[in-house]
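*Asks:* One structure coming up, written as structure tokens, with questions to follow.
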Amino acid sequence: MEQPRIYPAKPRKVYLYATCLVDAFDPDTGLDAISLLEQQGIDVEFVPKQTCCGQPAYSSGYTEEARAVAEHQMSLFPENIPVVILSGSCGGMMVHHYPRLFKDHPLEATAKSFSARVFELTEFLTNVCRAQFKDQGEQTTVAMHTSCAARREMNVHVYTAHLLGQLDKVELKHPQYEEECCGFGGTFSVRHPNISEAMMDDKSNNLKNTGGVEFVSADWGCMLNINGALEYKGETFKGKHIARFLAERTGVAGGEQ
């Protein structure tokens, strides 16, 4: 059984691991995450050469290829400071699977040391920063979606609900079957598109049926899948990354302090 994480004191500086999806499709979310961390008095370093965490290759059985990607990522963050990541599923890969990927490998100790420094954003804000947010927005109702992988491996549903619960003008709704997959699953949606589409339809309908005006998620992979399908159907309902949502509600969106 894995031991509970021991959280460090709030640091003066962190690395930001934006994830390939945020970097490619929604860089403003990365900027909002930087603003949120700076709001907590933390300097943020973004390493431009960061790429995929290696999860697609790893989950598809390409162990050597995944190890090569992971080795490159670890080399980019040499300072002994936290690595804050904007996806629970990528965080789960780095925290739990990097040590397994490098078991009995010359870099095993390096992987374990690196994994101990990786924190998903909502986990970091909750357990390291002890962040307390003051809501500056208008009254609204939102649904919450959490990646099934992020729930299992990083408890993102707990931390996301905790942070959203601090916003006194935000009514938080939980959809039915919230623990079920949205159908993305990385390469799963490519291998099994019909099953993925059916799962996505269930997920999007359950989110809409909460009565929320939008949904909030800490995982951009899920949002890419759900938002893309909703847009294809002409729906106005869509999702927003929690970094963007918190930045908007606390007045730091767009890099303004």
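*Asks:* Could you grab me the full set of residues in the stretch 126-142 that are touching a helix residue (DSSP H, G or I) at 6+ places or on another chain (Cβ under 6 Å) and within 25 Å of Cys20 (Cα to Cα)?
*Replies:* Thr126
Here's the yes/no breakdown for (1) open to solvent by 70 Å² or more (accessible area, probe 1.4 Å); (2) in contact with a helix residue (DSSP H, G or I) (Cβ under 8 Å, 6 or more places away or on another chain); (3) modelled with pLDDT under 95:
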{"residue": "Gly61", "(1), (2), (3)": "no, no, yes"}
{"residue": "Glu65", "(1), (2), (3)": "yes, yes, no"}
{"residue": "His72", "(1), (2), (3)": "yes, no, no"}
{"residue": "Pro99", "(1), (2), (3)": "no, yes, no"}
{"residue": "Asp104", "(1), (2), (3)": "yes, no, no"}
{"residue": "Thr110", "(1), (2), (3)": "no, yes, no"}
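*Asks:* Another question, if that's okay. Residue by residue through the stretch 8-20, note down the ones that are over 12 Å from Ile85 (Cβ atoms) and either open to solvent by 70 Å² or more (accessible area, probe 1.4 Å) or part of a helix (DSSP H, G or I) (or both).
*Replies:* Ala9, Lys10, Arg12
*Asks:* Okay, moving on. When you look at Phe133, is it in contact with a Leu (Cβ under 9 Å, 6 or more places away or on another chain) and closer than 19 Å to Gln55 by Cβ, yes or no?
*Replies:* When the stated conditions are applied, Phe133 does not pass them.
*Asks:* Turning to a different aspect of this structure: Within the group Ala161, Ala131, Ala116, which residue is open to solvent by 20 Å² or more (accessible area, probe 1.4 Å), closer than 17 Å to Pro11 by Cβ and of a type in the set (A, V, I, L, M)?
*Replies:* Sole residue among the options that is open to solvent by 20 Å² or more (accessible area, probe 1.4 Å), closer than 17 Å to Pro11 by Cβ and of a type in the set (A, V, I, L, M): Ala116.
*Asks:* Looking at Asp28, Asp23, Asp32 in this structure, which one is open to solvent by less than 20 Å² (accessible area, probe 1.4 Å) and not in a loop (DSSP other than H, G, I, E, B)?
*Replies:* Exactly one of Asp28, Asp23, Asp32 is open to solvent by less than 20 Å² (accessible area, probe 1.4 Å) and not in a loop (DSSP other than H, G, I, E, B), namely Asp32.
*Asks:* I'd like to know if the stretch 36-54 contains one or more residues that are touching an Asp or Glu at 6+ places or on another chain (Cβ under 7 Å) and either of a type in the set (Ser, Thr, Tyr) or not assigned by the TED database to the domain that holds Gly239 (or both).
*Replies:* yes
*Asks:* Here's something else I'd like to know. If the requirement is being under 18 Å from Ala218 (Cβ atoms), outside any helix (DSSP H, G or I), out of contact with any strand residue (DSSP E or B) (no Cβ under 8 Å at 6 or more places or on another chain) and open to solvent by 60 Å² or more (accessible area, probe 1.4 Å), which of these qualifies: Glu180, Glu138?
*Replies:* Selected residue: Glu180, the only one of Glu180, Glu138 that is under 18 Å from Ala218 (Cβ atoms), outside any helix (DSSP H, G or I), out of contact with any strand residue (DSSP E or B) (no Cβ under 8 Å at 6 or more places or on another chain) and open to solvent by 60 Å² or more (accessible area, probe 1.4 Å).
The values are calculated or read from the model by the stated rules, or taken from the named source; none is laboratory data. Owing to the predicted nature of the structure, the values given are computational and were not obtained by experimental measurement. Glycine also receives a Cβ, built like all others from the backbone with ideal geometry; neighbour counts cover every protein chain displayed. Areas reflect the complete protein model, heavy atoms only, side chains present, ligands, DNA and RNA absent. Shrake-Rupley method; radii C 1.70, N 1.55, O 1.52, S 1.80 Å.
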